[in-house]
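To start, the structure under review is shown below, and the notes come after it.
What follows is calculated from the coordinates using simple rules that are stated; it is not laboratory data. Everything quoted here is computed from the prediction, not taken from an experiment. As a convention, Cβ positions derive from the backbone with ideal geometry for all residues, glycine included, and neighbour counts pool all protein chains shown.
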Amino acid sequence: MNWMMLIIAGLFEVGFATCLGKARETIGNEVYWWYSGFFICLTVSMLLLIKATQTLPIGTAYAVWTGIGAVGTVLIGIFVFKEPVSFWRIFFIITLIGSIIGLKSLSH
């Protein structure tokens with residue numbers, strides 16, 4: 001269950017990064033909706049991370065949380081914000097995913 005909370009926390013990290021990107025693109029009052037989404041996602045992400053680290057090793061949990069956030073944010077950047085794609089960018093994303101899987105499989 002704690003791994004599930006950690007994965008969801010990582011997805012909410014992607015959510016708050018996405019909200020920041022969308023807020024940068026908007027004008028007027030719409031920006032406040034994106035900043036509200038940012039704070040909600042940030043709060044949920046942190047609360048779930050805190051809960052997960054009560055039973056998971058802090059180093060592993062933090063690395064997995066940031067890894068999920070990094071991979072998800074890069075993918076959102078590519079697909080939503082049309083950021084450039086290169087061989088090396090994809091290579092290092094795959095390397096990061098492999099590292100996350102390795103950390104999970106080695107933790108107790």
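Inspect all residues belonging to region 32-41 and state whether any of them is farther than 14 Å from GLY69 by Cα and of a type in the set (S, T, N, Q). Yes: one or more hits.
Among the residues of region 78-96, is any of a type in the set (A, V, I, L, M), farther than 13 Å from THR18 by Cα and not in a helix (DSSP H, G or I)? For region 78-96, residues of a type in the set (A, V, I, L, M), farther than 13 Å from THR18 by Cα and not in a helix (DSSP H, G or I): present.
When the residues of region 30-77 are filtered to those that are of a type in the set (Val, Ile, Thr) and part of a loop (DSSP other than H, G, I, E, B), the one that is farthest from LEU6 (Cα to Cα) is THR55. Against the list (1) outside any helix (DSSP H, G or I); (2) of a type in the set (A, V, I, L, M, F, W, C); (3) touching a residue at least 40 places away in the same chain (Cβ under 8 Å), the condition ILE27 fails is (3).
Taken over region 1-24, the criterion of being surrounded by fewer than 20 Cβ atoms within 10 Å (Cβ to Cβ), of a type outside the set (Gly, Ala, Ser), within 18 Å of VAL71 (Cα to Cα) and in contact (Cβ under 8 Å) with a residue 40 or more places away in the chain is satisfied by TRP3, ILE7, ILE8, LEU11.
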